[in-house]
Amino acid sequence: MPPMDELLHVGPGAEPHVIVLDGELDMSTTDQLDAAVAERHAAGITAITLDVAALAFIDSRGLRSLLIAARSGIVSLRRPSPALLRLLQVSGLDGHFPVID
């Protein structure tokens with residue numbers, strides 16, 4: 001879990017295309033995800049995996065960041081919670097993100 005003063009921790013995964021999200025993805029933290037995705041794209045990585053197992057919350061701005069990331073390539077979600085899967089389904093975005101267990 002991220003420190004109390006940090007709502008979202010965005011870290012590298014074991015592979016260069018993996019981004020690990022831990023905490024809350026909302027209007028105050030989406031810039032961190034956007035920057036991590038931009039770094040991968042600048043390095044020529046267009047198929048990105050977001051490990052969202054530790055993501056506790058996502059709002060509409062967070063969903064927007066996911067969609068923007070997917071515009072430039074494929075964004076897969078690794079280990080999404082049932083709540084995140086339901087949010088994607090209700091918002092009609094479930095077909096935009098392949099899911100990896």
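The values are calculated or read from the model by the stated rules, or taken from the named source; none is laboratory data. As the structure is a prediction and not an experimental result, all values here were calculated from the model. Using ideal geometry, Cβ is built from the backbone for each residue, glycine included, and neighbour counts are taken over all protein chains shown.
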Can you name every residue in the stretch 40-59 that is in a helix (DSSP H, G or I) and either surrounded by 13 or more Cβ atoms within 10 Å (Cβ to Cβ) or touching an Asp or Glu at 6+ places or on another chain (Cβ under 9 Å) (or both)?
Arg40, His41
Does at least one position in the stretch 62-82 carry a residue that is in contact with a Lys or Arg (Cβ under 6 Å, 6 or more places away or on another chain) and either aliphatic (A, V, I, L, M) or in a helix (DSSP H, G or I) (or both)?
no
Determine which member of the set Asp34, Asp51 is of a type in the set (Asp, Glu) and over 18 Å from Gly95 (Cα atoms).
Asp34
Name the pairs: first residue in the stretch 74-101 and over 22 Å from Ile45 (Cβ atoms), second residue small (Gly, Ala, Ser) and in a strand (DSSP E or B), Cβ to Cβ under 8 Å, at least 6 apart or on different chains?
Ser81/Ala53
Give me the pairs: first residue in the stretch 12-41 and free of Cβ contacts under 8 Å to residues at least 60 places away in the same chain, second residue charged (D, E, K, R) and assigned to a loop (DSSP other than H, G, I, E, B), beta-carbon distance under 6 Å, and six or more apart or on different chains, which are they?
Asp26/Asp59
Restrict the check to the stretch 23-30 and report whether at least one residue is modelled with pLDDT of 95 or more and part of a helix (DSSP H, G or I).
yes
